[in-house]
1. For the range 556-581, name all the residues that are closer than 25 Å to Ser375 by Cβ and assigned to a loop (DSSP other than H, G, I, E, B).
2. Just to be sure before I move on: is Pro400 modelled with pLDDT of 90 or more and out of contact with any Ser or Thr (no Cβ under 7 Å at 6 or more places or on another chain) in the structure I sent?
3. Look through the range 6-25, keep the residues that are more than 17 Å from Glu164 (Cα to Cα) and in a helix (DSSP H, G or I), and return whichever of them is least open to solvent (accessible area, probe 1.4 Å).
4. Return a yes/no flag: does the range 133-146 have any residue that is within 30 Å of Leu450 (Cα to Cα), assigned to a loop (DSSP other than H, G, I, E, B) and either open to solvent by less than 10 Å² (accessible area, probe 1.4 Å) or touching a helix residue (DSSP H, G or I) at 6+ places or on another chain (Cβ under 8 Å) (or both).
5. Of the residues Leu341, Leu354, Leu360, Leu326, which single one is in contact with a His (Cβ under 7 Å, 6 or more places away or on another chain), surrounded by 17 or more Cβ atoms within 10 Å (Cβ to Cβ) and under 30 Å from Ala613 (Cα atoms)?
6. What are the pairs with Cβ atoms under 8 angstrom where one residue, in the range 427-446, is under 16 Å from Pro482 (Cα atoms) and surrounded by 18 or more Cβ atoms within 10 Å (Cβ to Cβ) and the other, located anywhere, is modelled with pLDDT under 95 and charged (D, E, K, R)? Sequence gap at least six, or different chains.
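The values are calculated or read from the model by the stated rules, or taken from the named source; none is laboratory data. This one's a predicted model, so the numbers in the text were calculated from it and none came from an experiment. Note: ideal-geometry Cβ built from the backbone for every residue, glycine included; neighbour counts use all protein chains shown. Quick note on the areas: whole protein, heavy atoms, side chains included, nothing else; ligands and nucleic acids left out. Shrake-Rupley method; radii C 1.70, N 1.55, O 1.52, S 1.80 Å.
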Amino acid sequence: MCGIAGVVSFGDFHVTPEYVTALREPLAHRGPDGAATWVSDDRRVGLGFRRLAIIDLSETAMQPMANEDGSVRLLMNGEIYNHAELRPELEAAGHRFRTDHADTEVVVHAFEEWGIDCLRRFRGMFALAIWNERERRLWLVRDRVGIKPLYWSVHHGRLVFGSEIKALLADPEQPRAVDEEALYHYLSFLTTPAPSTMFAGVNKLPAASWLRIDSDGSTEERRWWDPFDETSPLTGRSDDEIAALVIDELRTSVAYRKVSDVPVGIFLSGGLDSSTNAALFAQDEERPVQTFSIGYDEDYPSYPNELEWARRVATLVGADYHERILSLDDLLGFLPRMVALMDEPIADPVAVPLFYLSELARENGVVVAQAGEGSDEIFWGYPSWKTSLRLQRANDLPIPGAAKRLGLAGLRLAGRETSRPYEFLRRGSEGLPVFWGGAEAFTETQKRRLLSPRLRAQFAGTTSWDALAPIRRRFEEKAWEPSHLHWMSYVDLNLRLPELLLLRIDKMSMGASLEARVPFLDHKLVELVLSIPSSVKTRDGELKGLLKRAVRGLLPDDVIDRPKQGFRVPVDEWFLGALGERTRTELHAFCRETDLLDHAEVERVLARPKRDAWYLLNLALWWHAHFAS
C-alpha cells in the first residue's frame, strides 16, 4: 500500500525530478517507509512513489518497479494477493525476477506477457500506473470494486495523476474551481459520482476502469470488468449448498488478505461481518489475532455502545483486544485533519472513528487491518433495503399514473413535498426505480431549495438520476436476473461503495499509515453472490439470512442473530452541543462568502441539526480549506 503520483507531458512542459517530488510528498502519510522519483531521459514522463512496506520489505522491491530493460515501469498502490501463484507461470514463460517475492514485480512481468489483459489475472486491490516505453503510453488502472482511488487531470500540456487530489493540487498551475454539477450530486449521494470530483477538471477514475494516455495526449477510457459478466446462475441448488459455497469463498478471501510481511489485525465491532472476519482469521493462527474496537463516552439513544459484543467475540476467538473511547472533543479536534485527508467532501461521519481505529492499530504495531465493508450490499443487510424493496414492489402494482400524480398533488397540499414518501412516489410516477442507492442525503425537492437561485436556474433540467442512468443501462444489459434486489446491490457496487464507503476507509486508514483490506469485496465472492437468485437472499424476509446460514456454527447464535446496529457516530446528540455551534459558525460564513446555497434554506436545516447538517458542514469545511481567501 502506497502513495503514487506522476505526470506525462505531451506539450512544451519539461518534467523535472523536483516537480515529481513535489507531487509525491503530499502523500507522505500513505508511505512513511521510503520514497523515490524517476524521470525519463527525454523529460516527458515522471513517476513518484511513497512506500508503505507490506509485501517484500527489501530495497529491491522499491518502486517505480521496472522490467529488465526498463521498457515497462510500474507504480502500484495496493496488493496482488495471488502474486505467488502467478510468478511460477511467468518464470516458465522466460521472465526473470530480481526480487524475492514482490507482488509489484509480478505485475510488471504480467503486463509484459499479457498486456493490459493481465488485469483479469489479478486477485487484489490496486491502483496502477504503467509506463510502456516502447509504445510511449501510460496506463492508469483502478481495481474491480474501486477499493483504491486514482485521480487525474489534464492541463498545460500534461496529464497529472495521483492517489489523492492533494498530489494534483501540488502543481501550481492546476486550476482550482468548484465543479457545481458535482456539488449538485453530492447533495444527493454524500459524495461525488465518478468520474467527477468537487474540483472542476480533476477526474476520478471509475472502479473497474482503465485510462490509456498516448504520447500525443489522446486518451481512451474503458471498463474492464463487470460482476455480471462473470456470473454463473446458481439455480437448482439448495440453500445449504449455496451457503457452503459462500463460506468456502469467504474463507479463501480472508486467507488471501492475511498475506503480509507485517502484522495484520481486524477492525471488530462485534457485529456479524467483523465477527466473521475475526473468526475466520483466527482459524489456524498460531498467535492471537489483534482486534481493534471503538466506543463512545456514553450510551447515546442513536448509537448504544457495542463494545460488550466486541469484547465477547474477541474472547471467543482468543484475540488480543484493544479499544478506544471517543468523545465529542475527539471529533471536533479531528475536523481539520479529516478535511485535509479527504480532499473533497465525503459526508459520512463514520470517517472519524475509522481514523481513530486505524491510529489505534498502528500504535499497537499493526500495519494492515481487515474490515467488514461490502457485506451488507451483497447480502441484503440493511433494514432500509427491506423498506425500499417493499416500496418498489408496491410501485410495481398496476396503479394508473394519474393516481400517482394525484397522490403527489395531495402530498404537496399537505406540505410534504420535501418528504421521502413524496420523493419515492415521484420516482415511481416517472417510471424510475425507487432505490437510488444506500446513502441518500437530500431529496430532489430539498436539494433544489438548498441551492442558490443561480444554481437552481442552472440545474433546472437536471436530476441526480442523470448520474445513475449509465449504471442502470449497464445493469439492464448485463444482469442475468434483473431483479430489484440485484439492482440495489449493483448500484451500490458502482457508486456508494467505491465513491463513499471505500474512499472513506482508504483516506482515513492511510491517514494513519495503515492498509485496510475488505474480504467481503473480493471479486470472486462478489461474482458468486450475484450468481445467487434474489429469492434465496431474501428468504423469509430475513436480512442477511444467507450469510447467517453460512456462518452458523462458526459463531455463536446470539452473535449471528442479534439485531443489526451498524457502525455509527452519535452526531444527532452531539449537534445539541458544541458540534451544533461549530456547524452554525461554519455555515453562516460559507453562505456569506459563496453563491452556492440558499441561506434561508440552510437556516431551516440548522433549526433541526442532525445528520443533514453534517452533510452541509463537510461542504463548508472543504470550501474554506481550499478556496477561502
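1. Pro556, Arg562, Pro563, Lys564, Gln565, Gly566, Phe567, Arg568, Val569, Pro570
2. no
3. Checking each candidate, the answer is Pro17.
4. Going residue by residue through the range 133-146, those that are within 30 Å of Leu450 (Cα to Cα) are none.
No - not one qualifying residue is present in the range 133-146.
5. Numbers: Leu341 fails: in contact with a His (Cβ under 7 Å, 6 or more places away or on another chain); Leu354 fails: in contact with a His (Cβ under 7 Å, 6 or more places away or on another chain); Leu326 fails: in contact with a His (Cβ under 7 Å, 6 or more places away or on another chain).
Answer to the selection: Leu360.
6. Close Cβ pairs (under 8 Å, with a partner that is modelled with pLDDT under 95 and charged (D, E, K, R)) amount to Pro433/Arg427; Val434/Arg427; Trp436/Arg427.
Residue-by-condition table, conditions (1) farther than 16 Å from Val551 by Cβ; (2) free of Cβ contacts under 8 Å to residues at least 40 places away in the same chain:
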{"site": "Ser238", "(1), (2)": "yes, yes"}
{"site": "Arg251", "(1), (2)": "no, yes"}
{"site": "Val259", "(1), (2)": "yes, no"}
{"site": "Pro263", "(1), (2)": "yes, no"}
{"site": "Leu272", "(1), (2)": "no, no"}
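Per-residue answers, yes or no, for (1) open to solvent by 10 Å² or more (accessible area, probe 1.4 Å); (2) closer than 20 Å to Leu497 by Cα; (3) at pLDDT 95 or above:
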| residue | (1), (2), (3) |
| --- | --- |
| Val108 | no, no, yes |
| Met125 | no, yes, yes |
| Leu128 | no, yes, yes |
| Tyr151 | no, yes, yes |
| His156 | yes, no, yes |
| Glu180 | yes, no, yes |
| Tyr186 | no, yes, yes |
